[in-house]
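Read through the structure below, which is laid out as structure tokens, and then see the notes.
The values are calculated or read from the model by the stated rules, or taken from the named source; none is laboratory data. Keep in mind it's a predicted model, so treat the numbers as computed, not measured. Because the Cβ atoms are built from the backbone with ideal geometry, glycine has one as well, and the counts that use them run over all protein chains shown. Surface accessibility is based on the protein's heavy atoms, side chains included, excluding ligands, DNA and RNA. Shrake-Rupley method; radii C 1.70, N 1.55, O 1.52, S 1.80 Å.
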Amino acid sequence: QVQLVESGGGLVQPGGSLRLSCVTSDSGFSFNSMGWYRQAPGNEHELVASKERYGSPRYADSVKGRFTIVRDNPKNTVSLEMTNLKPEDTAVYYCNAARLGDEYWGQGTQVTVSS
């Protein structure tokens with residue numbers, strides 16, 4: 001069973017920064033796609049950022065220019081650097097990894113942006 005373990009969530013003031021990290025129990029090279037999703041209360045699950053094994057990253061319009069996804073295949077990790085955080089970024093963030101029709105999720109980490 002593939003496991004994804006996230007870390008790095010917390011409380012931050014508007015305009016602040018946070019870094020989320022996710023490490024997988026399988027080789028990073030084995031996943032076609034790795035990324036981050038989030039879900040806020042009352043909202044749908046939405047893609048934040050993702051990166052294919054080889055290729056350019058993809059971002060939600062709402063985070064472009066503020067968030068950066070970094071995928072490190074040899075280290076089996078995918079990270080999300082979040083800057084200029086806004087209250088509307090408050091959500092539970094989930095790490096995701098997908099390959100050959102299978103999809104795996106982390107347990108989720110809470111990010112709260114509030115003064």
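Here are the numbers for the structure shown:
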read-out	value
Most mobile of Asn32, Asn76, Asn43 in a GNM of the chain (Cα contacts under 10 Å)	Asn43
Most mobile listed residue (Gly55, Gly42, Gly15) in the chain, GNM with C-alpha springs under 10 Å	Gly42
In Hz, Karplus ³J(HN,Hα) per residue of region 87-100 (6.51, -1.76, 1.60; θ = phi - 60°; x = Gly, Pro)	x, 6, 7, 4, 4, 8, 9, 10, 7, 9, 9, 9, 7, 6
Value of relative contact order over the chain, rounded to a whole percent, pairs C-alpha under 8 Å and six or more apart	37
For the chain: accessible area per residue (Å², 1.4 Å)	52
Carbon + sulfur, % of accessible area of the chain - ligands and nucleic acids excluded, 1.4 Å	48
For Asn76, distant residues with modelled amide H under 5 Å away	Gly28
Loop trypsin sites (Lys or Arg not before Pro), region 30-115, which have at most 14 other Cβ atoms in a 10 Å radius of their Cβ (DSSP)	Arg53, Lys64, Lys75
Evaluated at q = 0.11, 0.12 Å⁻¹: base-10 log I(q)/I(0), Debye formula over Cα of region 1-99	-0.30, -0.36
Low-density loop cleavage sites - chymotrypsin sites (Phe, Trp or Tyr not before Pro) in region 10-115, where at most 12 other Cβ are within 10 Å (DSSP)	Tyr54
